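To start, the structure itself, in structure tokens.
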Amino acid sequence: MSAVTDPLVWEHVQPAAARRLLTGAVDAFAERGYQATTTRDIASRAGMSPAALYVHYPSKERLLFEISLYGHNAALDVLRSADTGSAPADRLRSLVAAFTAWHAEHHTIARVVQYELAALSPEHLAEVATIRRAISAQIEQVLTDGVAAGEFTVPDLPGTTLAVLSLSIDVARWYTPHRGDPAALGKLYADLAHRMVQA
């Protein structure tokens, strides 16, 4: 069982049947994509009938929203926890290392969270977009602080923020456990991100 579908990760989801459906949806969406996944696929992975899904979730899209909300908040928490120290260079390296390792360790949910956004309803997308802006702001602030301290050269702040985030996020697209240790990958990407902006 992957780390992301460990029931302890989803302990906040009650009852247990709703939790099984949610973890089944994570695996199905990651494997098949949102559009190709049916409610029958999800229910089957949860060991339930398709009709049982609607007892807990009004739609397949609602499942995606719950997954997206949880995944984005988890990623934001990781960034906020990693933003320690005073030197911008140390902070940037810590942020990128943690964000990259999270996308590797939790590549199943991260793949869904990052690549199935277009299937969310406008209302749900707007809610998730608020969290995504907070994630971007976390990196942008460190880059801004580095420029102010004379440590970084960043001619295009929004573009560089996107580039740094993209390094970590793209890990979810290709990562599998045999591709290396998440922590080592995080360190490598932290080095790359720091080199991108060094003055």
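Laboratory data are not the source of any read-out in this text; all were calculated from the coordinates shown. Bear in mind that the values here come from a model prediction, so they are computed numbers and not experimental data. Please note: Cβ atoms are built from the backbone with ideal geometry, for glycine as well, and neighbour counts cover all protein chains shown.
Place a point 7 Å from Cα of Thr153 in the direction of its Cβ. Which residues in the range 185-199 have their backbone N less than 17 Å from it?
193-199
What is the distance in Å between the Cα centroid of the range 97-116 and that of the range 170-199?
12
For a paramagnetic label modelled at 7 Å from the Cα of Ala199 toward its Cβ, which residues of the range 128-170 fall within the zone defined by backbone nitrogen distances under 14 Å?
143-155
Calculate the spin-label point distance for Ser121 paired with Lys187, positioning each point 7 Å from the Cα along the beta-carbon direction, and give it in nanometres.
4.7
Can you compute the modelled spin-label distance between Ala17 and Arg32, with each label point 7 Å from Cα toward Cβ, in nm?
According to this spin-label approximation, the distance is 2.1 nm.
Compute the semi-axes of the equivalent ellipsoid of the chain, taking the square root of 5 times each eigenvalue of the Cα gyration tensor, and list them largest first in whole Å.
For the chain, the ellipsoid semi-axes come out as 34, 16, 13 Å.
Determine, from the Cβ-Cβ distance of Arg133 and Ala51 and an R0 of 35 Å, the FRET efficiency 1/(1 + (r/R0)^6), rounded to the nearest 0.05.
Working from the Cβ atoms, E equals 0.40.
Return the single residue from Gln114, Gln138, Gln35 with maximal mean-square fluctuation; model: Gaussian network over the chain, springs between Cα atoms under 10 Å.
Gln35
In degrees, nearest 10, range 0 to 90: what is the angle between the Cα axis of helix 122-148 and the longest Cα principal axis of the chain?
Roughly 20 degrees between the two axes.
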